[in-house]
Amino acid sequence: MSTDIAASEARNRFSLGEHAFSAPRLEPALYIVSTPIGNLGDITVRALETLAAAGVIACEDTRVTATLTQRFSLKTPLMAYHEHNADKQRPKILETLAAGEAVALVSDAGTPLVSDPGYRLVRDVLAEGYQVVPIPGASAPLAGLVASGLPSDTVLFAGFLPQKGGPKTRRLEELAKTPATLVFFESPHRTGATLQLMSDVLGADREGVVARELTKRFETFERGSLAELATRFDGAQVKGEIVILIGPPEDRQEASSDDLDSLLQAALGDMPVSAAAKKVAKATGLDRSEVYKRALELKTDGS
């Protein structure tokens, strides 16, 4: 047996516990491989076979992926592929495919392309005529959703919100009436402030869940109204990966123009225009900017 063949066969192996296995050969393609989001036991056999048989594993952080490869005795070379070097690395990945090798794409945790780099790579690979093969597995949004107790028939994954206040508020306002369970990622140090903004914009009584450290030792689910969650996380030292889930809005019949005027006039009797508009918009489900505009008109007419 030649040295190259022996090295290839040794590389195309992985271990589970005390047992070693050989991976079947892969056709040249880009394989999108889901990896565990915390508990390494969540890796699938198909994912291990794919990672073992690939010519290279493209990953966000080689140090993070090395923890996984070492755990399962994988010898496949690692290549850093992230948003800062993507333009330089994409041609190398295409060259690997052209040489008849398979490429496995992984993120630091979970399913690649879900708030992770890879979208442009997939498009370029498809444009060159190669297949893109999904290898499904762990996903934080889905793990949080199925244990949340919130409706799962219609779901919108919104990823990370903008960090700045204005764009963040506008994005939540855009999503406010979406008839679906909303799923967000959030940074631990912003969780409390984000929950308070969600309570203000989406409604204090709207049902929410904060899922933390999914599949890990200290996995927790905090449930309650957005107002309750905002109070619970206010000033808290939050650690770990965070998924915030928010139930769909309640069905409300929109108020008529006469009803709107009556509600606004009552609210304007003891609060400023902005507060009155916010209160009535929340009660009626009407667009807050339109309610505010009408509140200004009524205030001007009555002054």
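Where a number appears in this text, it was derived from the coordinates with a stated rule and is not lab data. As the structure is a prediction and not an experimental result, all values here were calculated from the model. Every residue, glycine among them, receives a Cβ derived from its backbone with ideal geometry; neighbour counts consider all protein chains shown.
A few points about this structure:
- Under 15 Å from residue 88, Cα to Cα: aspartates and glutamates that are on another chain or at least 8 residues apart: 60, 124
- The Cβ shell under 14 Å around residue 94 holds other residues with a net charge of 0, Lys and Arg each +1, Asp and Glu each -1.
- Residue 49 sits among other residues whose Cβ lies under 11 Å from its own Cβ, and their net charge, with Lys and Arg +1 and Asp and Glu -1, is +3.
- Alpha-carbon gyration tensor eigenvalues x 5, square-rooted, for segment 141-246, Å: 19, 17, 13
- Förster radius 51 Å - calculated FRET efficiency between residue 174 and residue 220 (Cβ-Cβ, nearest 0.05): 0.95
- Highest mean first, the peptides 40-48, 11-19 sorted by other C-beta atoms within 10 Å per residue fall in the order 40-48, 11-19.
- Charge tally around residue 209: other residues with Cβ under 15 Å, Lys/Arg +1 each, Asp/Glu -1 each, net -4.
- Gained length - residue 147 relative to residue 258, 0.36 nm times residue gap less alpha-carbon distance: 35.6 nm
- Cut-off under 5 Å, modelled amide H: who pairs with residue 107 long-range: 35
- DSSP beta bridges fully contained in segment 3-138 are about 25 percent antiparallel.
- Considering only the chain, percent of DSSP beta bridges that pair antiparallel, nearest 5: 50
- On full extension, the segment bounded by residue 66 and residue 273 gains 68.8 nm, given 0.36 nm per residue less the C-alpha separation.
- Each of 269, 280, 211 was scored by the projection of its Cα onto the charge dipole of the chain, and the greatest displacement toward the positive side belongs to 211; charges sit on the C-beta of Lys, Arg, Asp and Glu.
- Length gained when the stretch residue 164-residue 237 is fully extended (0.36 nm per residue, less Cα-Cα span): 24.2 nm
- A protection proxy built from the mean count of other Cβ atoms within 10 Å ranks the segments 22-29, 258-265, most packed first, as 258-265, 22-29.
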